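*Asks:* Take this structure first; my questions come after.
The values are calculated or read from the model by the stated rules, or taken from the named source; none is laboratory data. Small disclaimer: the values here were computed from a predicted structure and weren't measured. Note that we place each Cβ from the backbone using ideal geometry, even for glycine, and neighbour counts take in every protein chain shown.
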């Protein structure tokens with residue numbers, strides 16, 4: 001499985017066409033989603049930047065995710081990914097946010113949140129975040145790449161709607 005820069009290029013086209021800038025808050029994808037945009041020529045016209053907030057402390061400090069939410073729901077949750085979307089929009093001034101948090105493996109899973117479970121969020125400024133839970137299979141790298149592909153596909157569908 002490899003990166004999907006062609007899909008990122010399609011998303012980039014629609015962002016540019018609509019005059020939108022994106023910012024990304026990542027946990028389990030560790031910067032890979034941001035790389036999809038920064039690898040494209042002309043990225044500065046659509047990509048404000050990204051934050052890798054792997055630890056709960058960084059999610060709270062950099063993105064303003066409520067510590068209470070992190071403690072109550074855990075980092076891999078709809079509530080926290082929603083907070084990540086809101087935080088990256090607030091910090092960046094971008095028009096669109098993408099956020100990921102999950103368990104890429106090979107350790108860390110539980111009955112409630114199995115390996116490969118990833119929450120992906122998309123939020124447009126002045127609207128609520130759309131957050132979904134996805135279950136991916138494979139090794140760590142594969143889960144990260146599948147997460148990025150799913151995030152890009154979700155955003156592309158929303159941009160085309």
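*Asks:* What's the number of the condition residue 160 fails, among (1) under 20 Å from residue 5 (Cα atoms); (2) surrounded by 15 or more Cβ atoms within 10 Å (Cβ to Cβ)?
*Replies:* (2)
*Asks:* Could you tell me whether residue 65 is more than 13 Å from the chain's Cα centre (by Cα), surrounded by 19 or more Cβ atoms within 10 Å (Cβ to Cβ) and in a loop (DSSP other than H, G, I, E, B)? Break it down into steps so the answer makes sense when it comes.
*Replies:* Details: more than 13 Å from the chain's Cα centre (by Cα): yes; surrounded by 19 or more Cβ atoms within 10 Å (Cβ to Cβ): yes; in a loop (DSSP other than H, G, I, E, B): yes.
It is true that residue 65 is more than 13 Å from the chain's Cα centre (by Cα), surrounded by 19 or more Cβ atoms within 10 Å (Cβ to Cβ) and in a loop (DSSP other than H, G, I, E, B).
*Asks:* Further, regarding this structure: Being surrounded by 16 or more Cβ atoms within 10 Å (Cβ to Cβ), modelled with pLDDT under 95 and not in a strand (DSSP E or B): is that true of residue 89 here?
*Replies:* Against the criterion (surrounded by 16 or more Cβ atoms within 10 Å (Cβ to Cβ), modelled with pLDDT under 95 and not in a strand (DSSP E or B)), residue 89 does not qualify.
*Asks:* Restricting the first residue to region 2-29 and requiring it to be farther than 30 Å from residue 57 by Cβ, which pairs with a second residue that is at pLDDT 95 or above and assigned to a strand (DSSP E or B) meet a Cβ separation below 9 Å and a spacing of at least six or different chains?
*Replies:* 11/22; 12/22; 12/47; 15/22; 15/47; 15/96; 20/96; 20/124
*Asks:* Given the condition part of a loop (DSSP other than H, G, I, E, B), within 18 Å of residue 3 (Cα to Cα) and touching a residue at least 40 places away in the same chain (Cβ under 8 Å), answer yes or no: does some residue in region 103-113 qualify?
*Replies:* Looking through region 103-113, at least one residue is part of a loop (DSSP other than H, G, I, E, B), within 18 Å of residue 3 (Cα to Cα) and touching a residue at least 40 places away in the same chain (Cβ under 8 Å).
Residue-wise test of (1) closer than 17 Å to residue 146 by Cα; (2) out of contact with any strand residue (DSSP E or B) (no Cβ under 8 Å at 6 or more places or on another chain).
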| residue | (1), (2) |
| --- | --- |
| 18 | no, yes |
| 23 | no, no |
| 35 | yes, yes |
| 41 | no, yes |
| 56 | no, yes |
| 74 | no, yes |
| 97 | no, no |
| 112 | no, yes |
